[in-house]
Structure formats: C-alpha cells, structure tokens
Amino acid sequence: MAKEVKKNEVPENSSMASNLEEMKDLGKQMENLRTNEELKEWNKRPGTVQHEEVEEN
C-alpha cells in the first residue's frame, strides 16, 4: 500500500522513491500513464510542452 504524503511534506533527500516498495508503486503508475495520442483520441489535452523552441525569422 502506498504511503500517504502530506501536502507540505518535504522529502529528506529529494529523491523520487526512498525504497523498493515506492519504486514498484511508481512503476505501476507509469505503466498506466496515457500517451499524448491516446489523450487526443479522447478529446483531452495533453500536458504542456515545457521546452518548446520558437523560431524567429
């Protein structure tokens, strides 16, 4: 079972997972993530593009 994380909790070492159980839980979550193409098929907006370069002419 996943550990409940409080809203303002700061991790001790800034890592994503502190043990093997948390790594397994994160892996399961990542397996279920939808691709941008899947989201578009369902008329949902994918997440923002973070490093989009704009060409200047």
- Note on the structure: Residue-ordered couplings for the range 28-38, obtained by feeding phi - 60° into the Karplus form 6.51 cos²θ - 1.76 cosθ + 1.60 and rounding to whole Hz (Gly and Pro as x), are 5, 5, 5, 4, 8, 5, 8, 7, 4, 5, 4
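Could you work out the local net charge near residue 17, counting Lys and Arg as +1, Asp and Glu as -1, over the other residues with Cβ closer than 10 Å to its Cβ? Write down the numbers at each step before the final one.
Numbers: positive: 24; negative: 21, 22, 25.
Summing Lys/Arg as +1 and Asp/Glu as -1 gives -2.
Each value in this text was obtained by applying a stated rule to the coordinates, not by laboratory testing. Model, not experiment: these values are computed from the prediction. Glycine also receives a Cβ, built like all others from the backbone with ideal geometry; neighbour counts cover every protein chain displayed.
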